[in-house]
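Visitor: One structure follows; several queries about it will come next.
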Amino acid sequence: MMSSSEHPLTLVLVGPMAAGKTSVGRKVARLLAVPFTDTDKRIAAEHGPIPEIFAAHGEARFREFEREAVAVAVAEGGVVSLGGGAVMDADTRALLHRHPVVFLTVTADAVERRISGSARPLLAGDENPVERWRTIFDQRRSWYEEVADLTVDTSRRPMRALAEEIAAWRRKQP
């Protein structure tokens, strides 16, 4: 029998910007008593602020950092929250197929309330950030669905209730 340190419990959260991956992820990690990793925060800690990475090196370089960060975080185990675009990478999607993945989805109306005044590089300087968000989400939705084992809408339910539902689901997974 393997000890828990040899086979850490892993749960990956994917979804669009502003779906609540970080806030729900932190709560789920607490409920499961495992570490929480936000890959965007890890990338920023190692390489500098994400908007600066985009500006200085472009999106392709950021995606390389992201692929690395996701692979390391998933190997470490715990609850791992991915940046919205991480699923665009085929290698990352292949990796995710080997782990329990929850797709956090959200309505555009809920996003509008959440993103006002936020510094998200793909929405920066956009006349209509919600329309831009919708376009990005539509482009990525099939990838989220491809890797997901469970889909949860975060638009109208309290984060605590969502976290409890996801933690209970994860406990039932092999």
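Visitor: Taking one equal scatterer on every alpha-carbon of the chain, how large is log10 of I(q)/I(0) by Debye at q = 0.17, 0.18, 0.20 1/Å?
Guide: Calculated log10 I(q)/I(0) at the listed q: -1.07, -1.20, -1.48.
Visitor: In addition: Given labels modelled 7 Å from the Cα in the Cβ direction, how far is it in nm from His97 to Asp149?
Guide: Label at His97, label at Asp149, 1.5 nm between them.
Visitor: Most exposed first by the Cβ proxy, i.e. fewest other Cβ within 10 Å, how do Lys21, Lys172, Lys27, Lys41 rank?
Guide: Lys172, Lys41, Lys27, Lys21
Visitor: How high is the FRET efficiency from Met159 to Gln139, r the C-beta distance, R0 22 Å, rounded to 0.05?
Guide: FRET efficiency, Met159 to Gln139: 0.25.
Visitor: Within region 141-163, whose backbone N sits under 19 Å from a point 7 Å along Cα→Cβ of Asp109?
Guide: From region 141-163, the list is 152-159.
Visitor: What distance in nm lies between label points placed 7 Å from Cα along the C-beta direction at Glu131 and Lys41?
Guide: 3.4
Visitor: If you don't mind, another one. Please list, or write none, the lysines whose alpha carbon is within less than 22 Å of the alpha carbon of Lys172, excluding same-chain residues fewer than 8 places away.
Guide: Within the straight-line cut-off, Lys172 pairs with Lys21, Lys27.
Visitor: Now for a different question. Work out the charge dipole of the chain with +1 on the Cβ of Lys and Arg and -1 on the Cβ of Asp and Glu about the Cα centre, then indicate which of Gly83, Phe62, Pro100 is farthest towards its positive end.
Guide: Pro100
Here, each number is a calculation from the coordinates, and none is a lab measurement. None of the values given here were measured: they were computed from a predicted structure. Backbone-built Cβ (ideal geometry, glycine too); neighbour counts: all protein chains shown.
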